[in-house]
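Trainee: Below you will find the structure I want to go over with you.
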Amino acid sequence: MPGGTDQTLRPFLWRAERLFDDTEIVSRTSEGIERYTYAEYGDRVRQLANALDELGIEEGDRVGTFCWNHHRHFETYFSIPSMGAQLHTINPLLPRDHIRYIVDNAADRVLFVDPSLLEALEPAVQSPEFDQVEKYVVMASEVPETDLDAVAYEEFVEGHSTEYDWPEVSQDQPAGMCYTSGTTGNPKGVEYTQQMLWSHTMESLTPQGIPMDEDDVVMPVVPMFHVNAWGMPFTATAGGAKHVYPGPSPQPEDLASLIDEEGVTVTAGVPTVWLGLMEYCEDNDVDLSALDRVIVGGSAAPRSMIEWFDERGVELLHAWGMTEMGPIGSVAHLKSGLEDADRETQLEKRSKQGLMTPGLEFRVVDDDGEEVPWNGEDFGELWVRGPSVTTEYFERPEADEEDFEDGWLKTGDVVTVDEDGYIKIVDRAKDVIKSGGEWISSVELENAIMAHEDVSEATVIGVPHEKWQERPVAFVVPVEGADQAAVEKGVMDLLADEYPDWWLPDDVVFIEEVPKTATGKFSKKDLREEYADEDIFEGSAPEEAAPEDAE
Ligand code: AMP
């Protein structure tokens, strides 16, 4: 027998507004700290829906956002899906061709954009001719100078009614969308239905997920353009927590002062962010006493980080997930029975990617298609399925065959599972580099390098890096007689023209031949093993160029 209503986001907002009307939403913006309550939030969400209505946005339309973490972005999170439209968050750190492809592929009708990101957006959506987007809404009180047909957000919502008659949206209605970078080709779109977002929220709220409630003050540092900031704006609302949004490009000192002044109890982000905060705390007097737990994921949390937070009475929860999963998949909670285990055992478990959250299932499949035993040694590819896990990519049937099987998502992560059920990532089957929480396509870089006339072969691998977890390094075979210094400069210039700074290889290493597999493919595994020591490279990641605050 069916339930009374579908599984949609709307009741989460309804509950927060009614039960916690005076709980705050705090936002660090370029205009300063702004704060209001859930009651005012709800009014603004409905004003925004009326404004979008007037623009002609209808059920099924896609509306893009190109924004950091702030209250206006959060308003789009409930407004757009509750209208029956689709919230499409776009990663502004991507190369401009990817941004253009994504906006085009998703057919966004309206784009919300931060003033500080206009510069990144304009070249992607201007020449050559590009008129898919009907309106740009700049997340500010005034529009800075721009050639785009733009209106300021405050002007856009002003004067609209705070009442809105939400339609009965089906749980199968696409409500969200986020693109993820694959090994080759254009980014792949992942759509989230209302039901998937609802399920992800409920899975997250369980004690084995990343629970939060009305006693919490939640600060998502992981960007809202990256898988809905790991779903936290929805989870925090469902739990009735106070929200704190750290705004554009938050630096360690911004995070430290928000934790202290707003009493943040839960925060989340990639390891690079916390390494920055840790360093800042070592040199400054920072009060972390309000903080109860830090959720770390996107890349592996170093064990020393777990210990650092332990020493300050803060629980580090190591989590694993994927864009395709909404994204939370597993969290390294200490399982009952392990409370009394020795510290070494506890740290070992907490350093792993953790226990699957309730609602999901997984299997680990070896090269022969057999499931591997849970012995902490045998490894294989992790497959997952569940109500919050996608089973297809947006308009990409060719990718679907590779990445999905009988409802299972093949994650591309190679793992072991121990006797207690803790998953540990030991390798990555997908040929991509994750730097500071964001993907760099090694295949795209090597194709670009091989376009240089004095390059005969090239390959790019990720090498371990203390701050960014991984950085790209290019291995180049020059044509005979070529001047290496000139080739290096030529290659770097060529890449700099097309890609953001943080994509550029830290080093170009000249070799005589790229190692090959038996079938003649580049064998990156051999190179990775040979160059596993990060200290061999002279170059280092450009300080300001890598996406420090990214997931
Ligand atoms: P994304 O879809 O961009 O969120 O990236 C998902 C991928 O990031 C996973 O498939 C893993 O390869 C990697 N990843 C996410 N969380 C972790 C973690 N805790 N440890 C290691 N790798 C991770």
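Trainee: State yes or no: is residue 2 more than 27 Å from residue 168 (Cα to Cα), in a loop (DSSP other than H, G, I, E, B) and either open to solvent by 10 Å² or more (accessible area, probe 1.4 Å) or in the same structural domain as residue 120 (by TED's automatic domain parsing) (or both)?
Mentor: Numbers: more than 27 Å from residue 168 (Cα to Cα): no; in a loop (DSSP other than H, G, I, E, B): yes; either open to solvent by 10 Å² or more (accessible area, probe 1.4 Å) or in the same structural domain as residue 120 (by TED's automatic domain parsing) (or both): yes.
So residue 2 does not fit the description; no.
Trainee: Of the residues that make up the range 148-169, is at least one modelled with pLDDT under 95 and over 25 Å from residue 440 (Cβ atoms)?
Mentor: Of the residues in the range 148-169, the ones modelled with pLDDT under 95 are 148-149.
Applying the additional criterion that residues be over 25 Å from residue 440 (Cβ atoms) yields 148-149.
Yes; the residues of the range 148-169 include at least one that is modelled with pLDDT under 95 and over 25 Å from residue 440 (Cβ atoms).
Trainee: Scan the range 388-402 for residues that are in contact (Cβ under 8 Å) with a residue 12 or more places away in the chain and either open to solvent by less than 30 Å² (accessible area, probe 1.4 Å) or more than 17 Å from residue 327 (Cα to Cα) (or both) and report the count.
Mentor: So the count comes out to 8.
Trainee: What are the residues in the range 117-170 that are in contact (Cβ under 8 Å) with a residue 40 or more places away in the chain, surrounded by 18 or more Cβ atoms within 10 Å (Cβ to Cβ) and among the hydroxyl-bearing types (Ser, Thr, Tyr), if any?
Mentor: Residues satisfying the conditions are 153, 164.
Trainee: Now for a separate question. For the range 289-328, which positions are open to solvent by 10 Å² or more (accessible area, probe 1.4 Å), farther than 12 Å from residue 353 by Cα and part of a strand (DSSP E or B)?
Mentor: Within the range 289-328, 293, 315 meet the criteria.
Trainee: Six or more apart or on different chains, Cβ atoms under 6 Å: show the pairs whose first residue is in the range 6-32 and at negative phi and of a type in the set (Lys, Arg) and whose second is crowded, with 20+ Cβ neighbours inside 10 Å and assigned to a loop (DSSP other than H, G, I, E, B).
Mentor: As it stands, the answer is 28/246, since those pairs meet every condition given.
Trainee: Looking only at the range 331-359, count how many residues are in a loop (DSSP other than H, G, I, E, B) and either surrounded by fewer than 21 Cβ atoms within 10 Å (Cβ to Cβ) or on the phi > 0 side of the Ramachandran plot (or both).
Mentor: 11
Trainee: On to the next question. Working carefully through the options 54, 58, 34, find the one that is open to solvent by 90 Å² or more (accessible area, probe 1.4 Å) and not in a helix (DSSP H, G or I).
Mentor: 58
Trainee: Sticking with this structure for a sec: Given the condition more than 25 Å from residue 102 (Cα to Cα), open to solvent by 30 Å² or more (accessible area, probe 1.4 Å), part of a strand (DSSP E or B) and within 14 Å of the ligand (Cβ to nearest atom), answer yes or no: does some residue in the range 445-464 qualify?
Mentor: Looking for residues that are more than 25 Å from residue 102 (Cα to Cα), open to solvent by 30 Å² or more (accessible area, probe 1.4 Å), part of a strand (DSSP E or B) and within 14 Å of the ligand (Cβ to nearest atom), one finds at least one in the range 445-464, hence yes.
Trainee: Further question on the same structure: Of all the residues that make up the range 366-387, how many are closer than 28 Å to residue 335 by Cα and without any contact (Cβ under 8 Å) to a residue 40 or more places away in the chain?
Mentor: Qualifying residue count for the region: 9.
Trainee: Right, next: Evaluate the range 407-415: report whether one residue or more is in contact with a strand residue (DSSP E or B) (Cβ under 7 Å, 6 or more places away or on another chain) and away from the ligand (no atom under 12 Å from the Cβ). Steps first, please.
Mentor: First, the residues of the range 407-415 that are in contact with a strand residue (DSSP E or B) (Cβ under 7 Å, 6 or more places away or on another chain): 407-415.
Still in the list and also away from the ligand (no atom under 12 Å from the Cβ): 407-408.
Yes: the range 407-415 contains one or more residues that are in contact with a strand residue (DSSP E or B) (Cβ under 7 Å, 6 or more places away or on another chain) and away from the ligand (no atom under 12 Å from the Cβ).
Trainee: Taking the range 465-477 only, how many residues are over 27 Å from residue 272 (Cβ atoms) and either open to solvent by 30 Å² or more (accessible area, probe 1.4 Å) or outside the structural domain of residue 510 (by TED's automatic domain parsing) (or both)?
Mentor: The total comes to 0.
The values are calculated or read from the model by the stated rules, or taken from the named source; none is laboratory data. All values reported here derive from a predicted model rather than from experimental measurement. Glycine gets a Cβ as well: all are built from the backbone with ideal geometry, and neighbour counts include every protein chain shown. Accessible surface is based on the protein model in full, side chains and every heavy atom, while ligands, DNA and RNA are left aside. Shrake-Rupley method; radii C 1.70, N 1.55, O 1.52, S 1.80 Å.
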